[in-house]
Amino acid sequence: MLVDSILNHYPKEKDYVIEILLDVQKEKEDNFISQEEVKKIAYYLDTTESHVCSVLSFYTLLSTKPRGKNIIQVCKDVPCYVRDDFNLLKTVKDFLGVNFNETTTDRIFTLETTACIGCCDEAPVMRINDRVYKNLTKDKAIKILKEYRGNDY
Ligand code: FES
């Protein structure tokens with residue numbers, strides 16, 4: 001099973017809980033951590049499920065709900081907001097046809113918002129999975145989304 005093979009790569013130390021959670025989530029098509037996986041991780045690390053859940057709920061990169069293949073996170077903090085003269089979140093929402101915290105019907109994208117991701121001097125910014133896109137314009141954002149979707153329309 002997936003979670004077992006990932007756990008076997010880590011020492012049985014609580015300090016690795018974040019790395020394990022990120023690895024498990026990354027390998028799953030639906031991009032989330034299930035309650036069953038929380039139990040297995042807690043057992044392996046000899047810690048409590050509530051400890052694993054507290055880490056899981058703290059990081060916006062992690063989710064307890066099934067999501068799309070690609071996670072889009074639009075930064076909503078003040079520097080991005082101030083420099084966003086075209087409304088990045090609305091541009092992405094309109095392109096995908098979903099609201100934030102929703103997944104497209106083809107399950108290719110889930111749209112989320114995030115706090116500052118440390119690129120304020122190159123705002124506005126969005127992250128898709130592990131990659132950060134900076135200095136976005138409306139055209140640039142749409143071009144990036146089309147590339148992920150794999151077609152032009
Ligand atoms: S405020 Fe958006 S990256 Fe810092």
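The values are calculated or read from the model by the stated rules, or taken from the named source; none is laboratory data. Since the structure is predicted, the reported quantities are computational estimates derived from the model, not experimental observations. Glycine gets a Cβ as well: all are built from the backbone with ideal geometry, and neighbour counts include every protein chain shown.
Whether any residue in the range 34-51 is closer than 19 Å to ARG107 by Cα and modelled with pLDDT of 95 or more is what I want to check.
Restricting attention to the range 34-51, the residues satisfying the condition of being closer than 19 Å to ARG107 by Cα are 34.
Within this subset, residues satisfying the condition of being modelled with pLDDT of 95 or more are 34.
Yes: one or more hits.
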* Which of the following residues is more than 16 Å from the ligand (Cβ to nearest atom) and closer than 24 Å to VAL125 by Cα: SER63, SER34, SER54, SER50? -> SER63
* To do: Note down all Cβ pairs under 8 Å where the first residue falls in the range 128-150 and is farther than 19 Å from LYS76 by Cα, the second is surrounded by fewer than 12 Cβ atoms within 10 Å (Cβ to Cβ) and not hydroxyl-bearing (Ser, Thr, Tyr), and they're at least six residues apart or on different chains.
  => LYS146/ASP152
* **Residue within the range 107-118 that is within 15 Å of the chain's Cα centre (by Cα), under 19 Å from GLU29 (Cα atoms) and among the polar types (S, T, N, Q) present** => yes
* Structure fact -> By residue number, the members of the range 104-133 that are more than 8 Å from the ligand (Cβ to nearest atom), of a type outside the set (A, V, I, L, M, F, W, C) and either loosely packed, with under 15 Cβ neighbours inside 10 Å or farther than 15 Å from LEU61 by Cα (or both) are THR104, THR105, ASP106, ARG107, ASP121, ASN129, ASP130, ARG131, TYR133
* **Leading residue by the ranking (nearest to the chain's Cα centre (by Cα)) among those in the range 92-103 that are of a type in the set (S, T, N, Q) and surrounded by fewer than 17 Cβ atoms within 10 Å (Cβ to Cβ)** => ASN101
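Can you find a residue in the range 58-71 that is aromatic (Phe, Trp, Tyr), farther than 24 Å from ARG149 by Cα and touching a residue at least 40 places away in the same chain (Cβ under 8 Å)? Before you say what the answer is, go through the steps one by one.
Let us first name the residues in the range 58-71 that are aromatic (Phe, Trp, Tyr), namely 58-59.
Retained after the next criterion (residues that are farther than 24 Å from ARG149 by Cα): 58-59.
Then drop every residue that is not touching a residue at least 40 places away in the same chain (Cβ under 8 Å), which leaves 59.
Checked the range 58-71: at least one residue is aromatic (Phe, Trp, Tyr), farther than 24 Å from ARG149 by Cα and touching a residue at least 40 places away in the same chain (Cβ under 8 Å).
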* To do: Give the number of residues within the range 68-91 that are more than 14 Å from the ligand (Cβ to nearest atom), part of a loop (DSSP other than H, G, I, E, B) and surrounded by 17 or more Cβ atoms within 10 Å (Cβ to Cβ).
  => 2
